[in-house]
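A quick write-up on the structure given underneath.
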Amino acid sequence: MTLAITTVCTSIAALSVSGVKICDLDNIPPSGTRLTPILFPDPANPLSNFTPEVESFGGGSSRLLDVDYDLNYVYIHCEVGAGRTGLDYLEGCVLKVQAIYDAVLSIDVFTGGVDIIPTSNIQIITMADPSGKNYLGCALTFHVKEFWR
Amino acid sequence: MAVGRTLPKWWRVYVNGYDLSGYTRTIGPLSVEYDAADVTAYMGDTVKCYLPNTAHISPGTLNAVFDNTATTGLYALTQATAGSQRNLMVAIGVRGAPADGDPCFCGQFGQEAFQVTEDGGAVTATIPYTGWAADGSTLLFSQPWGTLLHANAARTSVQGANAGDGFDNLSGMATTTQGGFFMYHVFASSGAGHTATLSVDDGTSAADADMDPLAGATTGSIAMPAGLSGVVALLPTATVRQYLRWQIAFGTATSVTFACAFMRVYNQS
């Protein structure tokens with residue numbers, strides 16, 4: 001087995017969440033304009049807390065190794081201030097985040113890793129797209145375990 | 001059937017015909033331990049030496065979430081059964097839900113207690129098991145590990161008998177003459193009184209053409225209500241060949257949802 005971070009990202013991109021476009025690492029949009037609601041890997045910090053753990057004796061490729069890491073995503077729902085009051089889309093934003101978490105929690109077997117669980121606090125705030133434009137959204141983190149070797 | 005490492009989330013726990021996996025937090029240690037008899041001859045041996053004595057086999061303790069769902073909930077299934085014998089199967093799925101051919105820990109054990117407690121704010125139930133039940137038919141054997149021949153799934157009379165390949169089992173020996181036992185759990189069927197026969201085939205190879213009924217390893221034609229489980233023990237001198245598979249013959253039943261496993265004994269001491 002080899003490290004499969006990009007494969008795990010592809011598995012996440014393959015999830016089906018009604019109304020939400022989910023991006024892989026290789027198709028993060030340069031801007032969120034006309035693409036929302038959209039979930040994409042955080043371009044500034046896609047991977048964090050990378051923690052390999054040796055599981056057996058041996059050296060090089062012969063030892064068993066697990067690895068845990070966090071994949072960080074950005075969810076943007078609509079432009080800040082959209083709607084009549086600026087809060088019209090808040091419930092819709094939370095519903096989509098719920099749906100994303102439900103989809104991730106429902107994963108049993110997936111390509112790349114052996115376990116995945118959402119770990120971030122759901123904090124609906126102003127999030128920037130890769131171009132720096134502000135949207136209503138939140139940061140989402142998925143904790144992944146791989147049997148690396 | 002995958003091979004390699006796995007995680008507990010792909011284990012499944014079946015007790016007396018019910019799937020308790022959704023309530024189970026942990027179970028174990030799934031253990032086979034031999035007492036070590038000290039046979040050191042102090043005037044001749046330069047080191048202390050031992051021989052394995054009687055085996056102690058236990059599934060350890062089931063830690064579960066308390067749930068009072070009627071009929072199929074943990075409370076309904078385990079609170080009144082403390083002190084009684086239970087047919088227990090732990091199917092070990094490998095990076096996926098258990099599949100035909102996966103490892104399996106089975107046996108008849110006494111449920112020692114039913115203990116409800118609080119753990120980190122959650123209401124939980126702790127269910128410790130004894131070792132091999134003294135009134136169980138698995139008592140003839142010292143091997144709880146075997147092959148999951150049929151993972152929890154429905155079979156229908158339209159599909160008919162099993163003509164698929166068998167599975168190589170744990171020992172890899174062409175034949176053994178120490179018997180074994182067959183455990184089955186029925187989770188649902190077309191009707192409580194509907195009949196079918198569950199059994200085991202063995203063979204010299206995995207191919208369908210080389211498979212024959214394993215003598216004695218059959219339930220006979222019985223009613224298949226949900227929540228049925230049982231053990232069919234062979235004689236401890238019975239010959240079992242290397243490859244095994246599940247088999248079903250439909251009587252009046254048109255559908256049976258079941259899991260079954262065979263524990264082939266090869267290390268009886």
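General remarks:
- Residue list for region A:25-52, filter: touching a strand residue (DSSP E or B) at 6+ places or on another chain (Cβ under 8 Å) and within 17 Å of A:Ala4 (Cα to Cα): A:Leu25, A:Pro41, A:Pro46, A:Leu47, A:Ser48, A:Asn49, A:Phe50, A:Thr51, A:Pro52
- Qualifying residue in region B:33-40 (condition: part of a loop (DSSP other than H, G, I, E, B) and over 14 Å from the mean Cα position of the chain (by Cα)): yes
- Taken as a whole, the condition of being within 14 Å of chain A (Cβ to nearest Cβ) and either among the small types (Gly, Ala, Ser) or not in a loop (DSSP other than H, G, I, E, B) (or both) applies to B:Ala2.
- Count of region B:70-97 residues which are out of contact with any Ser or Thr (no Cβ under 9 Å at 6 or more places or on another chain), of a type in the set (A, V, I, L, M, F, W, C), assigned to a loop (DSSP other than H, G, I, E, B) and surrounded by 17 or more Cβ atoms within 10 Å (Cβ to Cβ): 1
- Matching residues, region B:98-122, being polar (S, T, N, Q) and part of a loop (DSSP other than H, G, I, E, B): none
- When we screen A:Leu47, A:Leu25, A:Leu64 for residues that are within 14 Å of another protein chain (Cβ to nearest Cβ) and over 26 Å from A:Tyr89 (Cβ atoms), the only hit is A:Leu64.
- Restricting the first member to region B:96-119 and to residues that are within 14 Å of chain A (Cβ to nearest Cβ), and the second to residues that are of a type in the set (Lys, Arg), the beta-carbon pairs closer than 6 Å and six or more apart or on different chains are B:Pro98/B:Arg12.
- Options A:Asp108, A:Asp88, A:Asp102; residue that is within 14 Å of chain B (Cβ to nearest Cβ) and either surrounded by fewer than 14 Cβ atoms within 10 Å (Cβ to Cβ) or outside any loop (DSSP other than H, G, I, E, B) (or both): A:Asp108
- Top-ranked residue of region B:60-88 - restricted to ones that are touching a Leu at 6+ places or on another chain (Cβ under 8 Å) and hydrophobic (A, V, I, L, M, F, W, C), ranked as nearest to the other protein chains (Cβ to nearest Cβ): B:Val65
FYI, it's all coordinate maths here, none of it is from the lab. Given the structure is predicted, the values throughout are model-derived calculations rather than measurements. FYI the Cβ positions are ideal-geometry reconstructions off the backbone, even for glycines, and counts take in every protein chain you see.
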